[in-house]
Amino acid sequence: MIRTTLLAAASLAATTAAMTAAAQAEVKVGVITTLSGGGASLGIDTRDGFMLGMEQAARDDIEIAIEDDQRKPDVAVQIADKMIQSDKVDILTGIVWSNLAMAVVPAATAQGKFYLSTNAAPAQLAGRGCNPNYFAVSYQNDNLHEAAGAYAKSEGFSNPFIMAPNYPAGQDSLAGFKRYYEGDLAGEVYTQLGQTDYAAEIAQIRASGADSIFFFLPGGMGISFVKQFADAGIDLPVMGPAFSFDQSMLPALGDAALGVKNGANWSKDLDNEANAAFVSAFEEKYDRLPSIYAAYGYDTANLMLSALEKAEPSDADAFRAALKEADFDSVRGDFKFDTNNHPIQDIYIREVVKEGDVLTNHLVSTVIEDRSSAYVDECKM
């Protein structure tokens, strides 16, 4: 049985049990993710996917501590410092947001800890800021937006309006879209992180003469925008990354999301054995369909477990080499790491559809094959 410590809400008895587990555990893993506030659904799915993979492995030599970063960089740093210095974790993972990753990852890897990213993968860490102990299991931030840009170009859109929040992932988002779209824009806007009122931006879109819109607004931001955009009655094709139209968000978005095309590197209908088993097991355990965040969490657990079969984190060189081999069955099918420890993988377009009464995504096409990242040549590892 895996020993799991939920430190954010631990009682005295649980803390005592955790100390006993810590004394026995050979490997300690710290999961820092968002479990409260507007982005909680993303962190909850990340945690649940990761824990499903760990529970299936039934390892009794791994201690897992899970804490809520509250989507605040200073809180994430405090948790990471405690996990590293007091709890003596070997591996960190779980952060959803790129600004939190930038606050935590460089310091963690500088102290010799391994960080396996379940989601956030900013350009800075894929290029000049790469590190041998940092592995992005998910993607590089630009990738899913690049897919939307490639789709916009293939569909002949000539004047899209693009929008994202002003933080590292938002900046990567629009850079990625423009890299593959390569055309004129009706407008380019950065919003505030956490913004919920988009009246001004919707007025700009209406006046811009745009023939389509691409936006990246994860979590509650995207829910607010989609509903307000639908209420405004603007009839434009909508594109985004999977983050803005993923399974964790679709119930809140409702029918306003139907027909939206989104870039993704995973979908529940991706045809491979590992994915079918994951979707079935997740739905059985949690009574809901998995999101892309859950898929990343699950893959991260299985990557880590595959490396632990070959080496311990205390033997850093051997463990690093075992991670690099990526010797596991990814729910995404073919998966390998490039020289900057970011994946090489296919990127798809999905469409929001309805299965009975349930909103979900179906694969439409593969738009970029064997994509690495735009920053790999800047990495000097």
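The values are calculated or read from the model by the stated rules, or taken from the named source; none is laboratory data. The structure displayed is predicted, hence computed values, not measured ones. Positions of Cβ are generated from backbone atoms using ideal geometry, with glycine treated the same way; all protein chains shown enter the neighbour counts.
Could you list, ordered by first residue, the pairs with Cβ atoms under 8 Å in which the first is in region 84-103 and under 18 Å from A40 (Cβ atoms) and polar (S, T, N, Q) and the second is surrounded by fewer than 22 Cβ atoms within 10 Å (Cβ to Cβ) and modelled with pLDDT of 95 or more, at least 6 apart or interchain?
Sorted first by the residue in region 84-103, then by its partner, the pairs are N99/P73.
Okay, residues lined up against (1) modelled with pLDDT under 95; (2) assigned by TED's automatic domain parsing to the domain that holds A294; (3) closer than 20 Å to F278 by Cβ; (4) small (G, A, S):
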residue	(1), (2), (3), (4)
T20	yes, yes, no, no
E55	no, yes, yes, no
I64	no, yes, yes, no
D90	no, yes, no, no
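Taking the conditions exactly as written (out of contact with any Pro (no Cβ under 6 Å at 6 or more places or on another chain), of a type in the set (S, T, Y) and not assigned by TED's automatic domain parsing to the domain that holds G39), does S208 satisfy them or not? First the steps, then the outcome.
Working: out of contact with any Pro (no Cβ under 6 Å at 6 or more places or on another chain): yes; of a type in the set (S, T, Y): yes; not assigned by TED's automatic domain parsing to the domain that holds G39: yes.
Against the criterion (out of contact with any Pro (no Cβ under 6 Å at 6 or more places or on another chain), of a type in the set (S, T, Y) and not assigned by TED's automatic domain parsing to the domain that holds G39), S208 qualifies.
Look through T366, T339 and report the one residue that is in the same structural domain as Y181 (by TED's automatic domain parsing) and under 25 Å from D172 (Cα atoms).
Working: T339 fails: in the same structural domain as Y181 (by TED's automatic domain parsing).
Just one listed residue meets the conditions, T366.
Among the candidates Q124, Q70, which residue alone is assigned to a loop (DSSP other than H, G, I, E, B) and not acidic (D, E)? It would help to see each step written out before you state the result.
Values: Q124 fails: assigned to a loop (DSSP other than H, G, I, E, B).
Of Q124, Q70, the one residue that is assigned to a loop (DSSP other than H, G, I, E, B) and not acidic (D, E) is Q70.
For (1) within 15 Å of the chain's Cα centre (by Cα); (2) assigned to a loop (DSSP other than H, G, I, E, B); (3) more than 21 Å from G43 (Cβ to Cβ); (4) modelled with pLDDT of 95 or more, each residue gets a yes or a no:
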{"position": "Q247", "(1), (2), (3), (4)": "yes, yes, no, no"}
{"position": "G254", "(1), (2), (3), (4)": "no, no, yes, no"}
{"position": "N262", "(1), (2), (3), (4)": "yes, no, no, yes"}
{"position": "A276", "(1), (2), (3), (4)": "no, no, yes, yes"}
{"position": "Y293", "(1), (2), (3), (4)": "yes, no, no, yes"}
{"position": "G297", "(1), (2), (3), (4)": "yes, no, no, yes"}
{"position": "A301", "(1), (2), (3), (4)": "yes, no, no, yes"}
{"position": "P313", "(1), (2), (3), (4)": "no, yes, yes, yes"}
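Have a look at A80, A148, A152, A164 and point out the one that is in contact (Cβ under 8 Å) with a residue 12 or more places away in the chain, surrounded by 24 or more Cβ atoms within 10 Å (Cβ to Cβ) and outside any helix (DSSP H, G or I).
Numbers: A80 fails: outside any helix (DSSP H, G or I); A148 fails: outside any helix (DSSP H, G or I); A152 fails: outside any helix (DSSP H, G or I).
The match here is A164.
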